[in-house]
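The values are calculated or read from the model by the stated rules, or taken from the named source; none is laboratory data. None of these values were measured; they are calculated from a predicted model. Here the Cβ is made from the backbone with ideal geometry for all residues, glycine too, and neighbour counts use every protein chain on show. Heads up: the accessible areas ignore ligands, DNA and RNA and are worked out on the full protein's heavy atoms, side chains in. Shrake-Rupley method; radii C 1.70, N 1.55, O 1.52, S 1.80 Å.
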Amino acid sequence: MLPLLFSFENVYRHYIQCRKNKRNTINALRFEVDQEKELVRLTRALADHTYRPGRSVCFFSEKPNLREIFAADFKDRIVHHILVDYLESIWEPVFIHDSYACRKGKGIHKGVSRLQKFIRQITANGTRRAFYLQLDIQNYFMRIDKAILFDLIRKKCPDQDALWLSHLLIFHDCTIDPAIKGDRRLAEHLPPHKTLFQVRKGKGLPIGNLNSQFFANVYLNALDQFVKHILKCRHYLRYCADFILLSDSKKVLEIWEQEIATFLSGTLCLKLNQKACKLRPMTNGINFLGYIVRKDYCLVRRRVVGNFKQRLECFDRLLVSEEEGRRIYAFDIPVLDALFAVLNSYLGHFKHAKTFSLIRSLWEKYDFLSRYFFYNLFEKKLARKYVIPGNLQRVNRQYAHIQNNFSDAVIVLGMGLK
């Protein structure tokens, strides 16, 4: 096993990887202004073990549920990439095939496809009755025991530098003097068990960091091994703290649920979320990762469609207005770029499900979309219809107005079309 290298070359390589899609953020730009000195300073600090994590940024996400997010400083993200890249070489051969969260070559759609295959196998392609047991871990990230996690890392990792850095990042307390952004009042609505500011000492990992996602997989690898090798469940898959077991026997699944609860409590200090536990026949499909999964096709969850409609209504208000009986369509690059990104995201999710009629109905209901974009229902491709004239912003200042629908003010410069 090669050692973890704290060389300038390795640090620079992970810096390039880390800044992808982050290059225009404030922290990344500050770092890039003097990147050579910053990288040399970081390399020396890692090599002589004087590196310490910096101040985190804490903010709150309201969808799908209210939760707190901690974003590490850009310099610390580079370090996360260095460590995770090294530890992955140790742990990837250990992880089971059917763990799909935050792993290269995995993801939501691979997990859903695998579940469909399992459904066809266990039901003999729909000719045999079968059941599924869907389980979720209560407040998973807040309940992770740091001592147990580090012990799991220590047993597999032979490199002392990697162990030092793992210990430093695992036991770092990001709640000490964080920069809090966004609406601080949202913190008042978070239950004590859902915030790192209230958890017991030695518990909890921050949501939002690359190393936290990797450590979460390491922690539940013990559960994966237990289910596959002790319970000998052939049809099992997991995405983060949400996992499913399939069987043709309801009684077997009931027994497995009790044994899993005992294992989680005794070995990992975790509890099942009883409200989310489901033991049902497969006749109505399985609600998993944003889809209703059936053996031959998937449907999109109603909540996902509802969220999409809310976003479209927001853009409708931003882009379309009425004036003297005419509809005025605003053509603004930032807003249209944001809309294009939202459409690509949701339509990319929809194309893995049976959504032909759904997309057609949405395109008819939100007819302003057809002014800006073309979507091929058969090829499932989205394209822009418009070309932005170079002098558009200069010519149409009379339509400029400030919109507060976004988190930051967006200036919309419009051009009227009949």
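Listed values, structure above:
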| read-out | value |
| --- | --- |
| Qualifying residue in the stretch 148-157 (condition: closer than 27 Å to G348 by Cα and of a type in the set (D, E)) | no |
| Members of the stretch 321-337 that are closer than 21 Å to K381 by Cβ and touching a residue at least 24 places away in the same chain (Cβ under 8 Å) | L336 |
| L358 vs. criteria crowded, with 18+ Cβ neighbours inside 10 Å and either part of a helix (DSSP H, G or I) or modelled with pLDDT of 95 or more (or both) | no |
| Every pair of residues 6+ apart whose Cβ atoms lie under 9 Å, when the first sits in the stretch 299-317 and is closer than 20 Å to A330 by Cα while the second is in a strand (DSSP E or B) and open to solvent by less than 90 Å² (accessible area, probe 1.4 Å) | R317/Q403 |
| Any hit, the stretch 54-73, residues being at pLDDT 90 or above, surrounded by fewer than 21 Cβ atoms within 10 Å (Cβ to Cβ), of a type in the set (D, E, K, R) and under 20 Å from the mean Cα position of the chain (by Cα) | no |
| Scope the stretch 73-109; condition touching a residue at least 24 places away in the same chain (Cβ under 8 Å) and of a type in the set (K, R); matching residues | K75, R77, R103 |
| Selection status of L347, part of a helix (DSSP H, G or I), under 30 Å from Y297 (Cβ atoms) and at pLDDT 90 or above | yes |
| Hey, D85 closer than 30 Å to K351 by Cβ and under 20 Å from the mean Cα position of the chain (by Cα) or not | no |
| Count of the stretch 23-53 residues which are in a helix (DSSP H, G or I) and either under 28 Å from the mean Cα position of the chain (by Cα) or not acidic (D, E) (or both) | 19 |
| Leading residue by the ranking (farthest from L190 (Cα to Cα)) among those in the stretch 126-139 that are open to solvent by 10 Å² or more (accessible area, probe 1.4 Å) and under 19 Å from the mean Cα position of the chain (by Cα) | D136 |
| Test for R114: is it on the phi < 0 side of the Ramachandran plot, in a helix (DSSP H, G or I), touching a Leu at 6+ places or on another chain (Cβ under 9 Å) and of a type in the set (K, R) | yes |
| Near pairs, Cβ below 8 angstrom, 6+ apart or cross-chain, from the stretch 4-18 (closer than 12 Å to T43 by Cα) to any residue that is open to solvent by 10 Å² or more (accessible area, probe 1.4 Å) and hydrophobic (A, V, I, L, M, F, W, C) | F6/A47; F8/V40 |
| Hits in the stretch 308-340 - residues which are open to solvent by less than 10 Å² (accessible area, probe 1.4 Å) and of a type in the set (D, E, K, R) | D332 |
| Number of the condition not met by S113 [criteria: (1) surrounded by fewer than 19 Cβ atoms within 10 Å (Cβ to Cβ); (2) over 21 Å from R280 (Cα atoms); (3) within 22 Å of the chain's Cα centre (by Cα); (4) small (G, A, S)] | (2) |
| Restricting the stretch 178-191 to residues that are free of Cβ contacts under 8 Å to residues at least 60 places away in the same chain and within 23 Å of the chain's Cα centre (by Cα), the residue that is nearest to L268 (Cα to Cα) | P191 |
| Count - residues of the stretch 139-185 that are of a type in the set (S, T, N, Q) and assigned to a helix (DSSP H, G or I) | 2 |
| Among residues of the stretch 1-22, those that are of a type in the set (D, E, K, R), in a loop (DSSP other than H, G, I, E, B) and open to solvent by 100 Å² or more (accessible area, probe 1.4 Å), counted | 1 |
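A quick yes/no check of all residues on (1) under 28 Å from E62 (Cβ atoms); (2) open to solvent by 20 Å² or more (accessible area, probe 1.4 Å); (3) at pLDDT 95 or above; (4) of a type in the set (K, R):
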{"residue": "A124", "(1), (2), (3), (4)": "no, yes, no, no"}
{"residue": "F141", "(1), (2), (3), (4)": "yes, yes, no, no"}
{"residue": "K155", "(1), (2), (3), (4)": "no, yes, no, yes"}
{"residue": "H167", "(1), (2), (3), (4)": "no, yes, yes, no"}
{"residue": "D183", "(1), (2), (3), (4)": "yes, yes, no, no"}
{"residue": "A187", "(1), (2), (3), (4)": "yes, yes, no, no"}
{"residue": "F197", "(1), (2), (3), (4)": "yes, yes, no, no"}
